[in-house]
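S.K.: Input: one structure, supplied below.
The values are calculated or read from the model by the stated rules, or taken from the named source; none is laboratory data. Given the structure is predicted, the values throughout are model-derived calculations rather than measurements. Every residue, glycine as well, gets a Cβ built from its backbone with ideal geometry; the counts of neighbours run over all protein chains shown. Note: accessible area is taken over every heavy atom of the protein model, side chains too, but ligands, DNA and RNA are not part of it. Shrake-Rupley method; radii C 1.70, N 1.55, O 1.52, S 1.80 Å.
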Amino acid sequence: FHYYAVPKKSSEVHLVANVTNPGDLALIPGQSHIYFDGTFVGKSFLNPTIMNDTLTISLGQDQSILTERIKQEDKCLNNVNLLGVTKKRAYDITVKNNRNKAIWIEIMDQIPISKNNKIKVSYKLGQGWVLKEETGILKWDLIIPPGDKVSSYLEFEVKHPKKYNVPL
């Protein structure tokens, strides 16, 4: 089990179960009723014919874990000059574990990437982030003790000629 969040899209945190070798379970396609710690958490549809070596099941939102992605306005800018346009963005990401046990959580985010050599992207990442260079996807895996709050940051800058429209 681990927790999963994408604070850029939502502050919700979801508990996820990964079942390895689901083929050993002789599952048949159909609706499933999901229980966690003896409590009904929802329904899902399982189709073992499209599963790989791991079956991932969402066990629903956990409101005991809070995430926040706060834009740092003082570090953000849109600057236009004769040489082109510079856009900077900066965010603080915070995760608070209000559970009475340690949790493992995976936080996902992203930075822009450029396939055009006239559009330059630079970035600065806080501790723990791992960047997948070809996609710009950021991943932050961490274990948070009970009652603890952890934070990190991400910043990026995009420089491009004025004639390009580069939305952030």
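S.K.: Tell me which strands (runs of 3 or more DSSP E) are completely within segment 1-78 and hold 2 or more residues being surrounded by 10 or more Cβ atoms within 10 Å (Cβ to Cβ) and of a type in the set (A, V, I, L, M, F, W, C), or say none if there are none.
M.R.: Details: elements: 2-5, 13-20, 30-36, 39-46, 54-61, 65-71.
Strands (runs of 3 or more DSSP E) meeting the threshold: 13-20, 30-36, 39-46, 54-61, 65-71.
S.K.: Working only within segment 129-168, note down all residues that are out of contact with any Ser or Thr (no Cβ under 7 Å at 6 or more places or on another chain) and of a type in the set (Ser, Thr, Tyr).
M.R.: Selection gives Thr135, Ser152, Tyr153, Tyr164.
S.K.: Is it fair to say Asn100 is on the phi < 0 side of the Ramachandran plot, free of Cβ contacts under 8 Å to residues at least 12 places away in the same chain and surrounded by fewer than 11 Cβ atoms within 10 Å (Cβ to Cβ)? Steps first, answer last, please.
M.R.: Numbers: on the phi < 0 side of the Ramachandran plot: yes; free of Cβ contacts under 8 Å to residues at least 12 places away in the same chain: no; surrounded by fewer than 11 Cβ atoms within 10 Å (Cβ to Cβ): yes.
No: the conditions fail for Asn100.
S.K.: Could you check Gln127 against (1) over 30 Å from Asn165 (Cα atoms); (2) part of a strand (DSSP E or B) and say which number it fails?
M.R.: Every condition holds for Gln127 apart from (2).
S.K.: Still on this model: Inside segment 130-168, can you point out the residues that are of a type in the set (Gly, Ala, Ser) and assigned to a strand (DSSP E or B)? Break it down stepwise before answering.
M.R.: The initial filter retains those residues of segment 130-168 that are of a type in the set (Gly, Ala, Ser), namely 136, 147, 151-152.
Of everything in segment 130-168, those that are of a type in the set (Gly, Ala, Ser) and assigned to a strand (DSSP E or B) turn out to be Ser151, Ser152.
S.K.: Can you pull out the residues in segment 103-124 that are open to solvent by 60 Å² or more (accessible area, probe 1.4 Å), touching a residue at least 40 places away in the same chain (Cβ under 8 Å) and either more than 19 Å from Glu157 (Cβ to Cβ) or in a loop (DSSP other than H, G, I, E, B) (or both)?
M.R.: Step one: filter segment 103-124 for residues open to solvent by 60 Å² or more (accessible area, probe 1.4 Å), giving 104, 110, 113, 115, 117-118, 120, 123-124.
If we keep only those that are touching a residue at least 40 places away in the same chain (Cβ under 8 Å) too, we end up with 104, 110, 118, 120.
Residues satisfying the conditions are Trp104, Lys118.
S.K.: Next question, about the same structure. Among the residues of segment 115-168, which ones are farther than 20 Å from Val85 by Cα and over 20 Å from the mean Cα position of the chain (by Cα)? Let's see the steps before the verdict.
M.R.: Taking segment 115-168 first, the residues farther than 20 Å from Val85 by Cα are 125-154.
Listed by number, the residues that qualify are Pro146, Gly147.
S.K.: Does segment 71-78 contain at least one residue that is without any contact (Cβ under 8 Å) to a residue 40 or more places away in the chain and over 26 Å from Glu134 (Cα atoms)? First the steps, then the outcome.
M.R.: First, pick out the residues of segment 71-78 that are without any contact (Cβ under 8 Å) to a residue 40 or more places away in the chain: 71, 73-74, 76-78.
This time we only want the ones that are over 26 Å from Glu134 (Cα atoms), so: 73-74.
For segment 71-78, residues without any contact (Cβ under 8 Å) to a residue 40 or more places away in the chain and over 26 Å from Glu134 (Cα atoms): present.
S.K.: Sticking with this structure for a sec: Considering only residues of segment 79-90 that are among the aliphatic types (A, V, I, L, M) and surrounded by 12 or more Cβ atoms within 10 Å (Cβ to Cβ), which is modelled with the highest pLDDT? Break it down into steps so the answer makes sense when it comes.
M.R.: First, the residues of segment 79-90 that are among the aliphatic types (A, V, I, L, M): 80, 82-83, 85, 90.
Narrowing the set further to residues that are surrounded by 12 or more Cβ atoms within 10 Å (Cβ to Cβ) leaves 85, 90.
Numbers: Val85: 95, Ala90: 98.
Top of the filtered list is Ala90.
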